[in-house]
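The values are calculated or read from the model by the stated rules, or taken from the named source; none is laboratory data. Not measured: the values here are computed from a predicted model. Here the Cβ positions follow ideal geometry from the backbone for every residue, glycine too, while neighbour counts run over all protein chains shown. What goes into the accessible areas is simple: the full protein's heavy atoms, side chains included, and nothing from ligands, DNA or RNA. Shrake-Rupley method; radii C 1.70, N 1.55, O 1.52, S 1.80 Å.
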Amino acid sequence: MSFSDSIALVALAALFAGASALAIPDSAIAQETLAPEASKTPESKSAAFPGFVKARSLRIHYRVEADGTYTEEYEQAIEVLSEQGIQSVSTQSVAYSASLSEAEITQAYTLKKDGRRIPASAYQESKSSGSDGRAPVFSDYNSKTVVFPEVETGDAVVFSYRRRQREAVFPGHFSVLHTFDRDTLVDAAEISLEAPASLPLKIQAQGVESQEFPEENGWRRWVWKFRNEKIVLPEPWAVFDFGPSEAFILVSSFADYGAIAAAYDARAREKAQVTPRVRELAERIAADAKTPREEAQRLYEWVSRNIQFADNRVGSGSVVPRDTGQILDNRMGDCKDYTVLYQALLAARGIESTPVLVNSGNIYNLPDIAWPWVFDHSINYIPSLDLYVDASVKSQPFGELPFSESNKPVIHTADFRGIRTTPAQDYRKDRSASRTRMTIQGDGSASGETWIEESGRYAPQTRGWMKNRRSDRDALTVRRTLLRNGYRGEGTFSGDDPDKLGQEYRYRVDYRLLDVIPLPGPGAFSFPPPVDSASTLNDVLRFLVAEKRTKNFVCAGYLINEEISARLPPGIEVLELPKNAAFAAGYFNYRAEYTLEGGEYTIRRTLEAHPASNVCTPQQQEEAREAAAAIRRDLRRQLIYR
């Protein structure tokens, strides 16, 4: 897990696309209520679909102390609207860090539609612990789960707990975010908070009914209410931008983002000390490197290859890295541990760096209030090379950030000079190119090969797949790939060494195909690539023709090249070639060229997507739909022969 693991301690509702942001953190409502509008009544197909469950009520109250500790009182009543919703609510849980907090279930019963209450008697408690009485290594999170009896359509499950945070994750600070999406019906939700006036809380509330009460006896109190009477479908890849369309409550005691940087650095800095063990390891890895960049690359690749990803959720481990000795002893760590180990190794070679906090999800704008958990990931920045690096991402070459971490606001914790931004991706580096050569026989069968070269963000995902694939299934994989693209055949493939973290990755597939074109003619055919690259034109079309959008969304630039050449058998007379095409729509440029020379038919297609940033607008989506329509028409064009 990453830097934001302790979000569970503050009942953070889900933020990311595809999950419900209704502040019911331990229920499965999110996945069970993503349903389209259907009908006003069961008999009418024109009424709105109500979902499988509905939140009759949600009440959460926080009593916060001056040192940032708090007590949370939680109560929810979820009504089952259909049989599909029963499983999603039949168990409810509360999770807590054993070293920092404690929790108790205060009530749990099934409320039958006739008013009867059936108490839940089946409970399960799961505890994280080490072997032989030792402390846990990965996580000290415990959970208490209750199973609700006799749940039927029309019933409701009522679940309440009390959770006490004995120690603040950031000493002296409190922060919490509740977000509300529109994908679940909510009759009434109420979030309330009381805190001493001496605790300097900042509040940003939007899309909810807010009420602040006058200070009384040195305490302040706030109440926020929310209801949702109509389901609105979530939009794939939508960003959460804390903008006018969002409904949320954000509370934080941090004065600004510099205070967050200082709070993190206060406990992380000492973990990056250059111990004799770290110095010896750095010497062994990079002593004969010719330049500081080569030193940094060697250290990066060693950390990436030799440290395995593992949770760090023991007490304050969600925000405090492990010691480098513990990381090296176990050869494991989470993103903060990768960061601190790499920082120490760099320092041993005289190369300065700083930890950087970033959001790895769909948040590209920071809220007005400084909230620490918006940053869920940790990476490194090397000032002398002006380079951001993330050693925790396997198969990622040195000097290239994953797309999800590019063009993002970040905090440099050891050298904070305001919010900075990671570089945007260069679409020309994110290239997926395929080149196919085949020879068609007189019976319509063919033999051929496809070479694929990928760079930028495409190379790591293919490199990772090649490294972890089962080689005994290669023939089956090729057969299924050919079939998915409209061909019957058999083949084999080979590729570059996936352990070498270069900027490009190349592989090749050789195959024999049946029934490529119907012979004898006359007839017509188009040639889709027999083998998929990381991103094909068809993949692009599926994304571009998505539903109309109302929110900004994550969009990526790329350069896709497809070249397909087919040697036609003797005796075929080509009557007509597809016409060449070239057009631009929005941030897309497309070109297609069709040629016939000496009996060889060649298709060359190029698609460039070059958005100005990683976030696009609904208007740009409409322009993209225009591009998709034109591309689809061109892909359907055929060569006519006899």
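Overview of results
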quantity: Ranking by accessible area, most exposed first, for GLU352, GLU562 with a 1.4 Å probe; calculated: GLU352, GLU562
quantity: Rounded, prolate or oblate (a/c below 1.5 giving rounded, otherwise prolate when a/b exceeds b/c) for segment 225-346 by Cα gyration tensor; calculated: prolate
quantity: Whichever lysines have a C-alpha closer than 16 Å to that of LYS127, once near sequence neighbours (fewer than 8 apart) are set aside; calculated: LYS144
quantity: Distance from segment 93-124 to segment 576-642 (C-alpha centre basis), Å; calculated: 57 Å
quantity: Nearby lysines by direct alpha-carbon distance to LYS500 (threshold 23 angstrom, same-chain neighbours under 8 apart not counted); calculated: LYS290, LYS394, LYS429, LYS467
quantity: Shape of the chain, Cα gyration tensor, a/c cut at 1.5; calculated: oblate
quantity: Rounded percent of accessible protein surface that carbon and sulfur make up, the chain, 1.4 Å probe; calculated: 47 percent
quantity: Backbone HN-Hα couplings from phi across segment 358-368 [Karplus 6.51/-1.76/1.60, Hz, Gly and Pro as x]; calculated: 8, 8, 9, x, 10, 9, 10, 10, 8, x, 5
quantity: Straight-distance crosslink candidates among aspartates and glutamates, where the alpha carbon sits under 18 Å from LYS113 and sequence neighbours closer than 8 are dropped; calculated: GLU79, GLU83, GLU150, GLU152, ASP155, ASP187
quantity: 5 angstrom amide H check on LYS408, placed H, neighbours 5+ away; calculated: THR422
quantity: Normalised convex hull volume, segment 41-122, alpha-carbon set, Å³ per residue; calculated: 145 Å³
quantity: 1.4 Å probe accessible area per residue over the chain, in Å²; calculated: 44 Å²
quantity: Equivalent ellipsoid semi-axes, segment 509-642, via Cα gyration tensor eigenvalues times 5, rooted, Å; calculated: 33, 14, 13
quantity: Cα gyration tensor category, rounded, prolate or oblate, for segment 166-219 with a/c compared to 1.5; calculated: oblate
quantity: For a label point 7 Å along the Cα-to-beta-carbon line of ALA524, residues of segment 617-642 with backbone N under 16 Å; calculated: 632-642
